[in-house]
Amino acid sequence: MNQYLVPSQDTRVPQIVYALYLAGLLTGSVTTLIGVIVAYVYRGDAAPWLQAHYRYLIRTFWIGLLYSFVAFVLSLIAVGVLLWPLLMIWLIVRCAIGIREVRRQQAPPRPGSWLW
C-alpha cells in the first residue's frame, strides 16, 4: 500500500500558499503575489476539496486587493487608516480557517465568502 498522497491530494501546496499570504503581512505583497500564482497553477489538477481551497486562496487575493485599494483611497481622507488593521485581521482569520480545514482534509466552509 502506497502511503504517499497522490499529487491531486497533496495538502502541502495550499498550506504553503496560506503561509505565503501571511508572510505578505511582513514582507509586502511579493510573497502574496507568488502565492496567488501558485494557486492558479495548482488548482486544475487538485482534488475537488482542494480546488475549493485554491478558489478560496485566489478569492482571498483579489478581494484583499480590492479591500486594500478601498483602504488606500479612504486613507487620503484619514478614514482608511482605521481599515488597515481590520484588513490584516481579515487576512489572518481567512488563512487560519484555510489552514485548519486543509489539515482536516476538508474544503473551506464558504469558499465564495467575502468575509470568512
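Rule-based calculations on the coordinates, nothing more; no lab input. The structure displayed is predicted, hence computed values, not measured ones. Neighbour counts are summed over all protein chains in view; Cβ atoms, including those assigned to glycine, are modelled from backbone coordinates with ideal geometry.
Write down the radius of gyration of the chain and its Dmax, each obtained from C-alpha positions, in Å.
15.1, 62
Sort W114, W84, W90 by Cβ crowding within 10 Å, fewest neighbours at the top. Walk me through the numbers on the way to the answer.
Values: W114 10, W84 15, W90 18.
Least crowded to most crowded, the residues run W114, W84, W90.
If R0 is 30 Å, what FRET efficiency do you get for L65 and R100 from their C-beta distance, rounded to 0.05? Write down the numbers at each step before the final one.
Details: r = 24 Å, r/R0 = 0.79.
The computed FRET efficiency comes out at 0.80.
Show that you can apply the helix-only estimate: for the chain, add -39,500 (n - 2.57) for every DSSP H stretch of four or more residues, divide by all residues, and state [θ] at 222 nm to the nearest 500.
-23000 deg cm²/dmol
With helices defined as uninterrupted DSSP H runs, which ones in the chain have an alpha carbon span along their own long axis of at least 27 Å and mean Kyte-Doolittle hydropathy of at least 0.0?
Details: long enough: 48-75 (39 Å, 0.81); 83-103 (30 Å, 1.29).
Those that clear 27 Å and a mean of 0.0 are 48-75, 83-103.
Just need the relative contact order of the chain here, percent rounded to a whole number, with Cα pairs under 8 Å and 6+ apart.
On the way: 118 pairs, mean separation 34.3, N = 116.
Computed over the chain, the figure is 30 percent.
How much net charge surrounds R43 when only the other residues with a Cβ under 12 Å from the Cβ of R43 are counted, with Lys and Arg +1 and Asp and Glu -1? Could you put the intermediate results ahead of the total?
Values: positive: R55, R59; negative: D45.
Result for the neighbourhood of R43: +1.
Kirkwood Rh, region 25-86, all Cα pairs: how many Å?
Details: mean 1/r = 0.0772 Å⁻¹.
Taking the inverse mean of 1/r over all distinct Cα pairs, region 25-86 comes out at 13.0 Å.
Among L76, L25, L66, which one shows the biggest mean-square fluctuation in a GNM of the chain, springs joining Cα atoms closer than 10 Å?
Top of the fluctuation ranking is L76.
Just to be sure I understand: with springs between alpha-carbon atoms less than 10 Å apart, which residue in A47, A19, A78 has the highest mean-square fluctuation in the Gaussian network model of the chain?
Taking springs between Cα atoms under 10 Å, the residue moving most is A78.
Take the eigenvalues of the Cα gyration tensor for region 63-116, scale each by 5, and report the square roots as semi-axes in whole Å, largest first. Each step should come with its number before you reach the end.
Working: eigenvalues 155, 20, 8 Å².
After diagonalising the Cα gyration tensor, the semi-axes are 28, 10, 6 Å.
When T60, T32, T27 are ordered from fewest to most other Cβ atoms inside 10 Å of their Cβ, what list results? Mind dumping the intermediate values first?
Numbers: T60 25, T32 22, T27 11.
So the residues, fewest neighbours to most, are T27, T32, T60.
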